[in-house]
1. For a distance above 19 Å, tell me the whole-number percent of Cα pairs in segment 419-570 that qualify.
2. Please work out how much length the chain gains when fully extended from Phe688 to Arg554, using 0.36 nm per residue of separation minus the C-alpha to C-alpha distance, in nm with one decimal.
3. Expected output is a single nm value to one decimal: the length gained when fully extending between Val703 and Ala640, i.e. 0.36 nm times separation in residues minus the C-alpha distance. What is it?
4. For a Förster distance of 35 Å, can you work out the FRET efficiency between the beta-carbons of Asp660 and Glu228, rounded to the nearest 0.05?
5. Identify the chymotrypsin sites (Phe, Trp or Tyr not before Pro) of segment 161-218 meeting these criteria: DSSP loop state and at most 12 other C-beta atoms within 10 Å of the C-beta.
6. Taking the inverse of the average 1/r across all pairs of different Cα atoms in segment 53-206, what Kirkwood radius in Å do you get?
7. Can you give the relative contact order of segment 327-569 as a percent, counting alpha carbon pairs under 8 Å and 6+ residues apart?
8. Quick one: Kirkwood hydrodynamic radius for segment 184-310, alpha-carbon pairs, angstrom, one decimal?
Amino acid sequence: MIRNLAAVGFDQIRRQGLALASTLCWLRQRPQIAAVMVGGILLALGYWAITGGRAALPFSLLAIGFALASGLVSLGADRHPRLLRHTAFGLLGLSGIAGLLAGGTALVAQVNLDLTLPLGLPWLVWHLHLDALAGFFLGVISVVLVAVALFGPQYVIEYEHGPHPLSLLGLATGLFVAGMQLVLLASDAFFFMIAWELMSVASYFLVAYSHEHAANRHAAFIYLLMAEIGALLIILAYGVLVGFGDDFTFEQMRHAQLTPLWAAVAFALALAGFGMKAGIVPLHAWLPEAHPVAPSHISALMSGVMLKVAVYGFIRFTFDLVGIERFHWGWGVAVLAAGSASAVLGVLYALMQHNLKRLLAYHSVENIGIIFMGLGLALLFYADGKPTLGAIGLIAALYHCLNHAVFKSLLFLGAGVILQRTHESDLERMGGLIHRMPVTAVLFLVGCISISALPPFNGFVSEWLTYQAALQVSALDSGVLRSFVPVTAAMLALTGGLAAACFVKVFGVVFLGKPRSHHVQRARRLESKPALAGMGWLAGLCLLLGILPTPLVRTLEGVNLQLTGSGLPETASRGILWLAPVSPETASYAAVLVMLAMGLAWLLSYEWLHPGHEHPERQAYPWDCGFGRLTPRMQYGATAFAMPLRRIFADCFVIHEEIDKETSGADGLKVTAIRYRLHVEDLLWRWFYEPVTRALHWSVRYVGRIQTGNIRVYLGYSFVTLILLLWVIS
């Protein structure tokens, strides 16, 4: 009997093992389903994660592990491209899901979790810390990462038969994502800089991926050079805190007894270092060079996420490590001025661009400026002893960080679809794509409305919060500041109007009208449902964050409480549908009611403009002065659309405009052809970077003279150096 029972038990185990093996084989052939199943398991643990806040740190480590695993798996993608398209991007999706759970848990539960890893130097181990601020930015990364994981498999197909290794693309992407996540968890200066350099170097290889083009190599070099200069400035900023705190850990830096002078020095170094990575003016030169040449899903990660990691570093350094008790009103003026200049100049330069991705890159400069305007207002109010008003500015900046990550990633993914389907990047050669790519057009339109700060989408909410912070300027004690802040608020209003004009140009030129090139005329719609789902995920968030902002604003109040100990005014509460940052009597916004009113107005106007007819209307081409049918050459182009603004703000650009006419006939009065060429350069490049370049070339020429080629001279150099070292040491 025992033998029979054992045989039956063994047979059952064998059958279960075969069933498990067949299931694993089936899942191996369907990696997307496997990823969804694992994601579902993680989401099932979400409730426990949120109620038990200590689970946030393990989930964050799991997110980093998935990102690193995606890079390692990609090493075999050269022989088996499916490893990159399915397994690697599936792991990135799991990293995003785990990061959402970790970030949401940390933000809702307002955790303060610490972990020490036995890595690093013998006398300096790696310290990890997760709180509400790190959890929020981890959630920002994860939101975009989920969309990229869905979009990426379809997009990288074009690289499978290219000259560049897929293994490098996948490995660098995994390391890049892991580096950003590690920056958020780092709790000592040494580990922070290791993660920072991992993020920067990995993204350099992604920018230089298509390195056969000289322009791409130049863009990658500029990016790496400015990234390393920024890293040096950040190291110096941390060095000031380490010198006064006697330790590399953030906990000791918080208790450093800084003098006002050294606090200002540390703040200036941090603003320059983190601002260079974020792309504030005039340290933005790398951004419009690097984003257009990187793969589009990488551009979404760099513009939508990496810039926010730099903003996180600045907030962590200024509001947490330095502390609000050391704030000076001059710091707020500097940040507010830099943010205002970045916002206005960024959108002006974007208006002049013809390259779609370069245009979006300049809009990243604009939106980073808006974020720094909120931070500058927060610094002013905290320095003036108005913490509740400072909380509005900080919440506005944080909300815009999330909003910009969502709609800018959506726009970059949409640009990737357009470039992949049309093989055109010049706006002047596009047109009529709404008939060939209707779904992409709708999703791209959502991103255009959101970035233009129009209700009821999310961009309006964060900019409205920034306005509300600026309108409380009467509470400041200084009359000079009460005059300065309204000027910056007016610049923010100008930025919003110019951004709306720019994206009217973009959507109209790209999707409306007639095709202007053969490639665009033969473009095919995007058939990949996962890719459309990734873009739809971001578009849905644009609407959700726009119509229900109050819960997130109240959740972000916890970040303020952890950093500064202050939150929104007590009079700001008016229910979940109403957003009243100061008080209901001062200003309030009901996004749901606004959306319903807009929908009703649209329906009524549609019925009024399209009344029912008993007889069908006759359709015909409009009167065109007898010249025949309209052609693509007769439509408004990007250059013509931006011409009035280019004339108004001509002093902000370096404009090269040429008109060549070809004539015929004996007297040369008959014009046979006209060619118009326009090139608009960044004025700051000429003012700021070209003098530095000339000075470096001059110094290099003179330093090069020490290389005489004479061995006796070199021995003399060594002898003098030895004497100097002996004198210094002794």
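No value in this document is a laboratory result; all are computed from the given coordinates. Given the structure is predicted, the values throughout are model-derived calculations rather than measurements. For neighbour counting, all protein chains shown are included, and Cβ atoms are generated from backbone atoms with ideal geometry for every residue, glycine included.
1. For segment 419-570, the share of Cα pairs beyond 19 Å comes to 66 percent.
2. 44.1 nm
3. 17.8 nm
4. Efficiency, from the Cβ-Cβ distance: 0.25.
5. Listed in order of number, the matching sites amount to none.
6. 15.6
7. Over segment 327-569, the number comes to 27 percent.
8. Final number for the Kirkwood radius of segment 184-310 is 15.4 Å.
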